[in-house]
Amino acid sequence: MAKNEWSNNNLADVYTWFILKQLNQHNEDFATCQKLTIKNLHFYNDLASPENKRLLAEALAIPLVNLYQSLGKADFEKGMTKDKAKESLIDILIDGTKSIVELATVADDCFHFPNEGDNK
């Protein structure tokens, strides 16, 4: 996972913020959102069992993958698949201590956004 400096020039950051906001997971502006952790998102339940945390994370990861592709016009990075991307996002979403920046960094590792140049 490459280090990500939260930036409105990085489409993974922008779309992570925007998609989560549209899915009613937070109410923060772009700059403030970088301070959030996964447990600050509305879906997260600290009291859920590990199995239920995974189900909740998967229920959010699926639309994230679909919206990065449709809204963000992102393709998968070389060697990445839809299932691998979903699992990578789930790995972050099940851990309440992870940050939104870490989630966006994983998204950037999984998806090739239009402003990134050639990924072939």
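Each reported figure results from applying straightforward, stated rules to the coordinates on display, with no laboratory input. Model, not experiment: these values are computed from the prediction. All Cβ positions, even for glycine, are placed from backbone atoms using ideal geometry, and neighbour counts span all protein chains on display.
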>> Could you tell me the calculated FRET efficiency between residue 73 and residue 32, based on Cβ-Cβ distance and R0 = 22 angstrom, to the nearest 0.05?
In response: 0.25
> Which of 47, 93, 41 comes first, and how do the rest follow, when ranked by fewest Cβ neighbours within 10 Å?
Replying inline: 47, 41, 93
> Helix 11-22 sits at what angle to the longest principal axis of the chain, using alpha carbons and giving 0 to 90 degrees rounded to 10?
Replying inline: 40
>> With an 8 Å Cα cut-off and a minimum separation of 6 or more residues, compute the relative contact order for the range 11-116 in percent.
In response: 39
> In nanometres, what is the gap between the two model label sites at residue 97 and residue 7, each 7 Å from Cα along Cα-to-Cβ?
Replying inline: 2.9
> Amide H neighbours of residue 76 under 5 Å, counting only residues 5+ apart in sequence or on other chains, H built in-plane at 1.01 Å?
Replying inline: 112
> Listing 6, 17 from the residue with the fewest other Cβ atoms within 10 Å to the one with the most, what is the order?
Replying inline: 6, 17
> When Rg/Rh (Cα atoms, Kirkwood Rh) is calculated directly from the model, which label among [x] 1.93; [y] 0.94; [z] 1.54 fits?
Replying inline: [y]
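When 30, 76 are ordered from fewest to most other Cβ atoms inside 10 Å of their Cβ, what list results? Write down the numbers at each step before the final one.
On the way: 30 14, 76 17.
Lowest count first: 30, 76.
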> Cα-Cα over 24 Å: which of 35/82; 39/73; 21/78; 21/82?
Replying inline: 35/82; 39/73; 21/78
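Nearest 0.05, what FRET efficiency do residue 84 and residue 52 give at R0 = 22 Å with Cβ-Cβ as r?
Rounded to the nearest 0.05, the efficiency is 0.45.
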> Where in the range 82-98 does the amide nitrogen come within less than 13 Å of the point 7 Å from the Cα of residue 45, taken along Cα to Cβ?
Replying inline: none
> Taking the Cα atoms only, what angle lies between the long axis of helix 50-70 and the longest principal axis of the chain, rounded to 10 degrees?
Replying inline: 30
